[in-house]
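Asker: What follows is a single structure, and I will ask about it in a moment.
The values are calculated or read from the model by the stated rules, or taken from the named source; none is laboratory data. None of the values given here were measured: they were computed from a predicted structure. Cβ placement follows ideal geometry from the backbone for every residue including glycine, while neighbour counts extend to all protein chains displayed.
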Amino acid sequence: MEVPFSPPRIDDKVIAEVTDALKSGWITTGPKTKLFEQKLGKYIGNSNVLAVSSATAGLELVLKWFGLKEGDEVIVPAYTYCATANVVEHCGAKVVFCDVKSDDFNINPESVKDLITEKTKVIIPVDFGGFPADYKELYDIIHNEEIKGLFRADNEIQANFGRILLLADSAHSLGATYGGLKIGSVADISVFSFHAVKNLTTGEGGAIAYNMPVPFDNAELYDFFRTYSLHGQSKDAFAKYNNSSWRYDVKFPGFKANMTDILASIGIVEIQRYENDTMLKFKHIFELYNERLKKYKWAELPIFKTSTKESSYHLYALRIRDIKESARDLIIRKIKSKGVAVNVHFIPIPMFTYYKENGYNIANYPVAYDNYSREISLPTFYTITDEQIQFVLDTLIWAVEDSL
Ligand SMILES: Cc1ncc(COP(=O)(O)O)c(C=O)c1O
């Protein structure tokens, strides 16, 4: 039996909606993008949400808007996808990696505290695998008077803000909850990804949710970023087309990171069935994996629910107790030889050539390395059958027990 890792769910509903976009004659940003944003906003309980071309673009737009530049520092977990750190590099600022926790893979607030300096402008927690970061603990740190006293504002936005920005990399966590709120309504700004492997995909895509405190106006921020994501044009193509006025202005040099109606049409279908269909299926997959694996001493199961948090059930990040990286790699080769696609999330960023050459050393992030060296992500996708799940488990159990 072949089991892929995370193929998208492309069914007749998606095809019909995309076909509708294609036949409408309007394929770039337009009414379907707007509708997708409205549905997304309603779902996360925050109407100020802008659809963009990717989470990477969304994160970078926010950092650029906040005025991040050379000499600034941004605290990023060592254990994440490279995008979280690369966007900081793009701004010329310094990435300050922080070690993660051994229970849920997320950034460790205790370590964050020690890394804050007067150069720290932003912290980017990642909701790893869909499980929310420790937002209360992170807010307690950045609201602390002593820490606020360290903050050096370099522009008007930073002066109005007066503290470190909590920019959530919520690429994995659409639908997750923290303290009863949906992710997107918790951090100052949250960025989602709708990349092909995510629970909700638009092929490529992302969204920025604004939840900034006063004196910021989140509806104004939405409007500003809409322009910012389209070259700073005073009108997008749809507005020009609609009111048949061709003249527009460029008030500042914006970026090109808008979502298109073709992609948004996939999102429109997916968001409508996300909570009561997609998420239920992902939760079911996690429960089936847990049900059998909890019997095995070697299996360290991922956390997906506590009294304050619930995951979006994006990655089933299993860890094997007491093994080395090479043994984990061997187990993966054995699993793959039986037709099951598994993955590793993530190779810690300090292990990549660029970051190593720039002075980062994985030895300084022992928990990130330990998590990585023992981690195997099991297949999670909407159309996986119970039979396939049991086959994944048979194969995994055989491969581990054959290797220990
Ligand atoms: C944690 C994390 N952050 C950011 C991204 C970037 O998302 P995108 O591909 O939409 O730019 C990803 C993508 O996989 C991710 O896993």
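Asker: When you go through (1) within 15 Å of the ligand (Cβ to nearest atom); (2) farther than 29 Å from Ala187 by Cβ one by one for Leu59, which number turns out not to apply?
Answerer: The single condition Leu59 does not satisfy is (2).
Asker: Here is a further query. Mind checking which residues of the range 335-357 are outside any loop (DSSP other than H, G, I, E, B), of a type in the set (Phe, Trp, Tyr) and within 16 Å of the ligand (Cβ to nearest atom)?
Answerer: Tyr355 - this is the single residue of the range 335-357 that is outside any loop (DSSP other than H, G, I, E, B), of a type in the set (Phe, Trp, Tyr) and within 16 Å of the ligand (Cβ to nearest atom).
Asker: Scan the range 248-266 residue by residue and report those that are at pLDDT below 95 and among the acidic types (Asp, Glu).
Answerer: The one that is at pLDDT below 95 and among the acidic types (Asp, Glu): Asp249.
Residues checked against (1) more than 26 Å from Pro132 (Cα to Cα); (2) assigned to a helix (DSSP H, G or I); (3) among the acidic types (Asp, Glu):
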{"residue": "Tyr313", "(1), (2), (3)": "no, no, no"}
{"residue": "Ala317", "(1), (2), (3)": "no, no, no"}
{"residue": "Arg333", "(1), (2), (3)": "yes, yes, no"}
{"residue": "Gly359", "(1), (2), (3)": "yes, no, no"}
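Asker: Would you mind telling me which numbered condition in (1) under 18 Å from the mean Cα position of the chain (by Cα); (2) not in a helix (DSSP H, G or I) Thr29 fails?
Answerer: Every listed condition holds for Thr29 apart from (1).
Asker: Conditions first: (1) surrounded by 13 or more Cβ atoms within 10 Å (Cβ to Cβ); (2) within 26 Å of Ala196 (Cβ to Cβ); (3) among the acidic types (Asp, Glu). Glu287 passes all but one, so which condition is the exception?
Answerer: Of (1) surrounded by 13 or more Cβ atoms within 10 Å (Cβ to Cβ); (2) within 26 Å of Ala196 (Cβ to Cβ); (3) among the acidic types (Asp, Glu), only one is false for Glu287: (1).
Asker: Okay, moving on. Between Val197, Val122, Val112, Val186, which is assigned to a strand (DSSP E or B) and not assigned by TED's automatic domain parsing to the domain that holds Asp322?
Answerer: Val122
Asker: Taking the range 315-340, which residues are more than 14 Å from Asp394 (Cβ to Cβ) and touching an Asp or Glu at 6+ places or on another chain (Cβ under 8 Å)?
Answerer: Ala317, Leu318, Arg319, Ile320, Arg321, Arg328 - these are the residues of the range 315-340 that are more than 14 Å from Asp394 (Cβ to Cβ) and touching an Asp or Glu at 6+ places or on another chain (Cβ under 8 Å).
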